[in-house]
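*Asks:* Structure incoming, see below.
The values are calculated or read from the model by the stated rules, or taken from the named source; none is laboratory data. The model shown is predicted, which means the values in this text are computed figures rather than measured ones. Glycine also receives a Cβ, built like all others from the backbone with ideal geometry; neighbour counts cover every protein chain displayed.
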Amino acid sequence: MKRIEQTFVLLNGWALILMLSGMAIIVGSNISLRYLTSHSLPWADETARYLMIWLTFTGAGLILRIGGHVAITNLQEHLPDTGQKILRAAIVATLLAFFCFMVHVGVQYAQRMQYQVTPALRLPFIYVYAAMPVGFSLLIIHLLLIARGFILAGSYKRLDATASDQGTLPGGANG
């Protein structure tokens, strides 16, 4: 199971790297073309915008794993150990319910948008709006993978611990 989790995290990380790289290449090329030839790619801004949407939704799960989202811990810190565990379990259950609801809403919204196309790319909007259910599905998986450690100890997975198990971080940086 640990190997499956490591592979899942690695693939999620590489997907983000590829999307960010693609976005940088497209925007950089468009800027260069604009200044060198006085012409720009009509689809570049739109593509960069949609890649940013996909980056946001698909990257949220990796940030959740390490506790990178905003959290208010005052109440938790003032509770006894048992109360802290109960509160953390309630937080996990609430997040899980919210993420499941957002997958459902995201699928419905994406289906409603399937017949509209983007202005420049002429791509059906379902591919853009699919980022929401995909991203929240990834959040569910990441949440379930960290839930036990979070509930029992209030701990998150560390990037360097994951990287040391795998040898390197996505992108080749040593952990």
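*Asks:* Filtering the range 89-119 down to residues that are among the aliphatic types (A, V, I, L, M) and not in a helix (DSSP H, G or I), which residue is surrounded by the fewest Cβ atoms within 10 Å (Cβ to Cβ)?
*Replies:* Among them, the one singled out is 117.
*Asks:* Of all residues in the range 129-161 being within 17 Å of residue 53 (Cα to Cα), touching a residue at least 60 places away in the same chain (Cβ under 8 Å) and small (Gly, Ala, Ser), which is surrounded by the most Cβ atoms within 10 Å (Cβ to Cβ)?
*Replies:* The residue in question is 135.
*Asks:* Quick one: how many residues across the range 31-88 are surrounded by 17 or more Cβ atoms within 10 Å (Cβ to Cβ) and either more than 24 Å from residue 15 (Cβ to Cβ) or touching an Asp or Glu at 6+ places or on another chain (Cβ under 6 Å) (or both)?
*Replies:* Looking only at that region, the number is 3.
*Asks:* Conditions first: (1) within 26 Å of the chain's Cα centre (by Cα); (2) in a helix (DSSP H, G or I); (3) not acidic (Asp, Glu). Residue 84 passes all but one, so which condition is the exception?
*Replies:* (1)
*Asks:* Among the residues that make up the range 35-49, is at least one of them touching a helix residue (DSSP H, G or I) at 6+ places or on another chain (Cβ under 8 Å), under 26 Å from residue 145 (Cβ atoms) and part of a helix (DSSP H, G or I)?
*Replies:* No, the range 35-49 has no match at all.
*Asks:* For residues in the range 126-155 being assigned to a loop (DSSP other than H, G, I, E, B) and more than 21 Å from residue 17 (Cβ to Cβ), which is modelled with the highest pLDDT?
*Replies:* 154
*Asks:* May I ask you to list pairs of residues, at least six apart or on different chains, whose Cβ atoms are under 7 Å apart, with the first in the range 21-38 being more than 15 Å from residue 55 (Cα to Cα) and the second being surrounded by fewer than 12 Cβ atoms within 10 Å (Cβ to Cβ)?
*Replies:* 33/39
*Asks:* List every residue pair whose Cβ atoms lie under 7 Å apart, where the two residues are 6 or more positions apart in sequence or sit on different chains, the first residue falls within the range 103-128 and is aromatic (Phe, Trp, Tyr), and the second residue, located anywhere, is assigned to a helix (DSSP H, G or I) and surrounded by 16 or more Cβ atoms within 10 Å (Cβ to Cβ).
*Replies:* As it stands, the answer is 109/129; 109/132, since those pairs meet every condition given.
*Asks:* Consider residue 28 carefully, then state whether it is assigned to a helix (DSSP H, G or I), within 29 Å of residue 103 (Cα to Cα) and either touching a Cys at 6+ places or on another chain (Cβ under 9 Å) or not aliphatic (A, V, I, L, M) (or both).
*Replies:* Taking the combined requirement at face value, the residue does not satisfy it.
*Asks:* A further question on this structure: Kindly evaluate residue 69 against the criterion of being free of Cβ contacts under 8 Å to residues at least 24 places away in the same chain, within 16 Å of residue 136 (Cα to Cα) and either in contact with a helix residue (DSSP H, G or I) (Cβ under 8 Å, 6 or more places away or on another chain) or outside any helix (DSSP H, G or I) (or both).
*Replies:* Yes; evaluated as a whole, the condition is true for this residue.
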